[in-house]
Structure formats: structure tokens, C-alpha cells
Amino acid sequence: MAERMMRAVVAERPGGPEVLRLREVPRPSARPGWTLVRIMAFGLNRSELFTRRGWSPGVELPRILGIEGVGVVAESLDPTLTEGTAVATVMGGLGRRFDGAYAEYTLVPTEQLLPVRTSLPWPLVAAVPEAWLTAHGSLESLEARPGQRLLVRGATSGVGMAALALARDRGLEVAGTTRDPAKAVAVRAAGAHHVVPDQGEALPERVREVWSDGADRVLDLVGGPAVRASLRALAPRGRVCCTGCLSDEWIIPSFEPLEDIPSGAALTTFSSSTVHDGDWAAPALQEILDRVADGSVRPALDRVFHLPELPDAHRYMEDNRAAGKVVVSNVPGE
């Protein structure tokens, strides 16, 4: 019998977007503990830029990248996962330890699948899993509560816009930062009550022009040296969650906790690698999709590309041109 083939985009070696090559590769088959998913759409993530550049420790190239995807079960040995069941898959080694979602099909550990019920268009569904589950987890790490004042740094990213929408829906007063004044409209449209220009070290002064004593909570998606300014922007006994690394800098140089963390303040993190810890992700994702369906919240879907356009999609993301989530669709016309 002839070997089944599929289209996939392979990162052949470390480098720029040009190393992403569309190929015909063997289509995998389901096996015990692993389910084959037909990928209908997937979101792009900055961590995939790092992997493509060769910056992700332990990831060997060539590799089919893509740490998240949505689609339907194509083959499974699990009787509870019938063919056509709608699912999402996020992290857990996808696109890093094993081939990911930059393909028409991908083979995923069955335990990492998140079944979903939705009639939303696939590109809109694809804008949700990684960004919105990360935003949800970050708000939990922040212990965010109605009536608090939340500042989201890196608000024009996919996670940033998801956090703005979720926080506003939960009754927080929300401000979002951007370095690009032209993106202020998009920040407000995503849910921000206030837009704060992110001027680096001057950020605390800009925040206090909105809230005189600072922010109760700060979700920092910029990371690295920016965290110091986030801590200084806090109100007394405030809390910072460092979730992202839009700065491409992983450490806070010469960080001195006794000097850099205000007395009584807290600094925490959230890692999307914890999505499969416990059983919180599936109900959280379903709740978010239901809120999208009833119009309570709306994913900021910036642009939809298609599989052969992945190098262009990476350039678009790498140039910080997006205001929201960049998605790749495998569905013609979507």
C-alpha cells in the first residue's frame, strides 16, 4: 500500500524565516497513547521564533514546529475519541520534543488533547488556546479580583489582548501599554479602559498619571529588564506576574530582590507549560469559547495566513506588525 503523505512546513536548520520549507512528508498514524489530529488551524507564538532561530535548548532541527493547534480527531485507538471530535492541543512538547502543528496532520499524546464543543470558525478557535489559557493562568497567578486595577504590558500581543478582554469581563479596571501610538485604538478595542505609552524606565510615571498610587496588579509580557519598571509601577502591596519575554531577554541583569521588589509587593510567574498540570485547562478553554460564542469576549484575530505562507507569517510576527493573534488556516477560504 502506498505511503500516505501530507503537507507540512519544516524548520530545516536554525535561521530566518527562509528556513521554513513546505514539504510533502509521511503522514503519521495513530498508535497506543497517541492520537492523529487533522489540523484545521493554528496560532503562531513567539517561542516558535526562538526555536526557529536555534535558541530553544534541547530542540533538534529539522522539526515541524507549532506548539498549538485546533482540529478534529482523524485516527485514535481511544474509544472515547471518535473520528471528527473537535479538539485543541497545546504545549506538552508539541513542536519541540515531537513534530507540531505546522502541518495538515499531527500526532499528539492522547492525554494532551482538550476536547471542545464549538461552531465558531476554525481561525477564530485557533486564536484562543495558547493565548487565552496563558492569560487565564496569569490572572490566576496574579490573584486578580473585580475592582482591582490591572496593567498589561505588551498589550498588543496575543496574550496581552486576551488578558485585557478577560480582565475587563471579570470586572477589573484595565490599562494596556504599547510603544506604538498607532496601536492605541486596538488596545482599547481589546478591552482596555486606559492606554499607557510604554516608555521603559519612565513607565511608573506614566502609570501614575492614570492611577495616582499605581497599579494593583501588573501582567508583564515584556520580561527581562522591563520587570524592574513593572515593580516600580505597583501600588502598595501590589503583585507582578512575569509571563512573557517579548523583549527577547530572559534574565533581569543585576537583579537585587531587596532593592528591586518594593516592600510588601510580590513577584510571580506563570508558564504555559503548566497547561497539562491538573485538569483546569479543558474547562477553562470551554468556558472561554462559550464566552466568545455569546459575544462576551472576542479574540483579537489580527491576520490569517495559510500553510504555504508561513515564512511570511513569521516575518510579520517578527517585525511586531500584529496587534493580536496571528493564525494559519488549513481550511480553504478561511
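The values are calculated or read from the model by the stated rules, or taken from the named source; none is laboratory data. All values reported here derive from a predicted model rather than from experimental measurement. A quick note on method: Cβ atoms are made from the backbone with ideal geometry, for glycine too, and the neighbour counts reach across all protein chains shown. Areas reflect the complete protein model, heavy atoms only, side chains present, ligands, DNA and RNA absent. Shrake-Rupley method; radii C 1.70, N 1.55, O 1.52, S 1.80 Å.
Looking at the square roots a ≥ b ≥ c of the eigenvalues of the Cα gyration tensor of region 13-140, which shape do they give, rounded for a/c under 1.5, prolate if a/b is larger than b/c, or oblate?
The shape class here is oblate.
Could you give the Stokes-Einstein D for region 118-183 in µm² per second, using the C-alpha Kirkwood radius, 10 °C, 1.306 mPa s?
On the way: Rh = 12.4 Å.
Answer, rounded: 128 µm²/s.
The charge dipole of region 67-162, taken about its Cα centre with unit charges on the Cβ atoms of Lys, Arg (+1), Asp and Glu (-1) only, comes to about 540 debye. Three semi-axes describe the equivalent ellipsoid of region 85-222; taken as square roots of 5 times the Cα gyration tensor eigenvalues and ordered largest first, they are 32, 15, 14 Å. Computed over every Cα-Cα pair of region 213-334 and binned at 10 Å starting from 0, the pair-distance distribution P(r) comes out as 11, 26, 34, 22, 6, 1 percent. Binning the C-alpha pair distances of the chain at 10 Å intervals from 0 yields a P(r) profile of 6, 27, 33, 23, 9, 2, 0, 0 %, listed from the shortest bin outward. For a modelled paramagnetic label at residue 185, 7 Å from Cα along Cα-to-Cβ, the residues of region 142-179 in reach, with backbone nitrogen under 19 Å, are 155-157, 161, 176-179. If R0 equals 41 Å, the separation of the Cβ atoms of residue 78 and residue 193 corresponds to a calculated FRET efficiency of about 0.35.
Let me have the 222 nm mean residue ellipticity of the chain computed from DSSP H runs of 4+ only, each contributing -39500 (n - 2.57), with the sum over all residues rounded to the nearest 500.
Details: 10 runs with 84 residues, N = 334.
Here the helix-only value at 222 nm equals -7000 deg cm²/dmol.
Rolling a 1.4 Å probe across the protein heavy atoms gives the chain an accessible surface of 43 Å² per residue.
Can you give me the orientation-averaged projected area of the convex hull built on the Cα atoms of region 214-273, in nm²? With the hull built on Cα positions only, its mean projection is 3.9 nm². About its Cα centre, region 92-239 has a charge dipole of approximately 280 debye under the convention of +1 per Lys or Arg Cβ and -1 per Asp or Glu Cβ, with nothing else charged.
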